[in-house]
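Notes follow the structure.
The values are calculated or read from the model by the stated rules, or taken from the named source; none is laboratory data. No experiment lies behind these values; they were computed from the predicted model shown. For neighbour counting, all protein chains shown are included, and Cβ atoms are generated from backbone atoms with ideal geometry for every residue, glycine included. Please note that ligands, DNA and RNA were not included when accessible areas were found on the heavy atoms of the full protein model with its side chains. Shrake-Rupley method; radii C 1.70, N 1.55, O 1.52, S 1.80 Å.
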Amino acid sequence: MYEAERDPYCHSGSSVLKNKAGLTSKEALERFETAMTFARSEEPLPNGRFSATHYRAIHFHLFQDVFPWAGKYRTVRIAKGQSVFCYPENIAAEMTRVFAGLKQQRYLCGLGTSEFAAAAAHFLAELNAIHPFREGNGRTQLTFLTLLAHQAGHPLDLDKLEPDAVLQAMIASFGGDEIDLTNIIADLAS
Ligand SMILES: Nc1ncnc2c1ncn2[C@@H]1O[C@H](COP(=O)(O)OP(=O)(O)OP(=O)(O)O)[C@@H](O)[C@H]1O
């Protein structure tokens with residue numbers, strides 16, 4: 001049923017997201033997205049209190065040149081592979097819940113590396129299951145995790161990051177298995 005619905009984020013008859021540059025080819029949009037988000041990632045990132053508002057501000061910062069809805073929660077249902085993400089009507093409440101949990105855990109400060117990695121993996125798995133934005137969730141997750149890890153005293157060495165392994169670990173985390181994701185974060189943090 002969802003597959004048959006028209007995606008208001010795309011022009012009719014196309015699967016390319018409407019964008020600020022008016023690009024209509026998937027490849028051109030990907031190149032544009034990569035260039036613009038890279039340039040924005042080199043700028044100072046928005047300061048914030050590691051809240052849902054802060055998370056949205058980071059998405060806005062990275063994607064402001066690309067999508068008119070940067071920083072805004074999606075309004076359509078989305079899935080990847082077998083993973084069906086949070087329905088749009090529940091996103092705001094779920095984001096509030098997950099970020100309240102982060103606050104309750106004192107933003108993961110004061111933990112040893114393995115405890116930090118396990119808690120960060122769980123947080124990331126929950127964020128991924130929500131997938132609050134129509135696009136750009138992965139880049140926002142990684143940017144936010146980098147900031148969170150830094151302030152928690154476990155700065156990440158992103159040169160060690162292996163995108164394929166992270167993707168497999170994220171998919172496993174959707175099914176409730178957070179071990180690989182925990183190990184990857186522990187490795188990046190040490
Ligand atoms: N089948 C899946 N199940 C669960 N999570 C998935 C699946 N496929 C990809 N993901 C996760 O979804 C996120 C990517 O989401 P999205 O495509 O919105 O972000 P992006 O920033 O546009 O893309 P990317 O992270 O690939 O640059 C990543 O964290 C990725 O690990």
Got a sec? Which of Ala117, Ala121 is aliphatic (A, V, I, L, M) and within 16 Å of the ligand (Cβ to nearest atom)? Ala121
Sole exception among (1) open to solvent by less than 50 Å² (accessible area, probe 1.4 Å); (2) in contact (Cβ under 8 Å) with a residue 40 or more places away in the chain for Gly71, by number: (2)
Write out, first by first residue and then by second, each pair whose Cβ atoms fall under 6 Å of each other, whose residues are 6+ apart or on separate chains, and whose first residue, in the stretch 29-46, is closer than 11 Å to Val66 by Cβ and among the acidic types (Asp, Glu) while the second is at pLDDT 95 or above and within 11 Å of the ligand (Cβ to nearest atom). Glu33/Val66
Would you pick out the residues in the stretch 77-91 that are surrounded by 14 or more Cβ atoms within 10 Å (Cβ to Cβ) and under 17 Å from Ala52 (Cβ atoms)? Phe85, Cys86, Pro88, Ile91
Output the residues belonging to the stretch 82-107 that are in a helix (DSSP H, G or I), out of contact with any Cys (no Cβ under 6 Å at 6 or more places or on another chain) and closer than 14 Å to Pro132 by Cα. Pro88, Glu89, Asn90, Ile91, Ala92, Ala93, Met95, Thr96, Arg97, Val98, Phe99
Go through (1) more than 25 Å from Leu108 (Cα to Cα); (2) assigned to a loop (DSSP other than H, G, I, E, B) and name the single condition Ala35 misses. (2)
Among the helices (runs of 4 or more DSSP H) contained in the stretch 108-190, which hold 3 or more residues that are among the hydroxyl-bearing types (Ser, Thr, Tyr) and in contact with a Pro (Cβ under 8 Å, 6 or more places away or on another chain)? none
Pro68 fails exactly one of (1) part of a loop (DSSP other than H, G, I, E, B); (2) closer than 27 Å to Thr182 by Cβ, namely (2)
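Which residues, taken from the stretch 113-146, are over 21 Å from Asp7 (Cβ atoms) and open to solvent by less than 20 Å² (accessible area, probe 1.4 Å)?
Pass one, the stretch 113-146, residues over 21 Å from Asp7 (Cβ atoms): 113-127, 141-146.
Answer for the stretch 113-146, where residues must be over 21 Å from Asp7 (Cβ atoms) and open to solvent by less than 20 Å² (accessible area, probe 1.4 Å): Phe116, Ala117, Ala119, Ala120, Ala121, Phe123, Leu124, Ala125, Leu127, Gln141, Phe144, Leu145.
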Members of the stretch 127-143 found to be of a type outside the set (D, E, K, R) and on the phi < 0 side of the Ramachandran plot, listed by number: Leu127, Asn128, Ala129, Ile130, Pro132, Phe133, Asn137, Gly138, Thr140, Gln141, Leu142, Thr143
Consider Leu147 carefully, then state whether it is in contact with a Leu (Cβ under 8 Å, 6 or more places away or on another chain) and either within 24 Å of Thr37 (Cβ to Cβ) or of a type in the set (A, V, I, L, M) (or both). yes
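Scan the stretch 8-17 for residues that are within 15 Å of the ligand (Cβ to nearest atom) and either assigned to a helix (DSSP H, G or I) or not hydrophobic (A, V, I, L, M, F, W, C) (or both) and jot them down. Lay out the reasoning, then the answer.
So the first thing to find is which residues in the stretch 8-17 are within 15 Å of the ligand (Cβ to nearest atom), and the list is 9-10, 15-17.
Passing the criteria: Tyr9, Ser15.
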Inside the stretch 152-190, the number of residues satisfying the requirement of being closer than 14 Å to Leu108 by Cβ and either at pLDDT below 95 or surrounded by fewer than 18 Cβ atoms within 10 Å (Cβ to Cβ) (or both) is 2
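Determine whether Arg134 is in contact with a strand residue (DSSP E or B) (Cβ under 8 Å, 6 or more places away or on another chain) and more than 18 Å from Tyr55 (Cα to Cα). Explain how you work it out, then say what you get.
Values: in contact with a strand residue (DSSP E or B) (Cβ under 8 Å, 6 or more places away or on another chain): yes; more than 18 Å from Tyr55 (Cα to Cα): no.
Spelling it out, it is not the case that Arg134 is in contact with a strand residue (DSSP E or B) (Cβ under 8 Å, 6 or more places away or on another chain) and more than 18 Å from Tyr55 (Cα to Cα).
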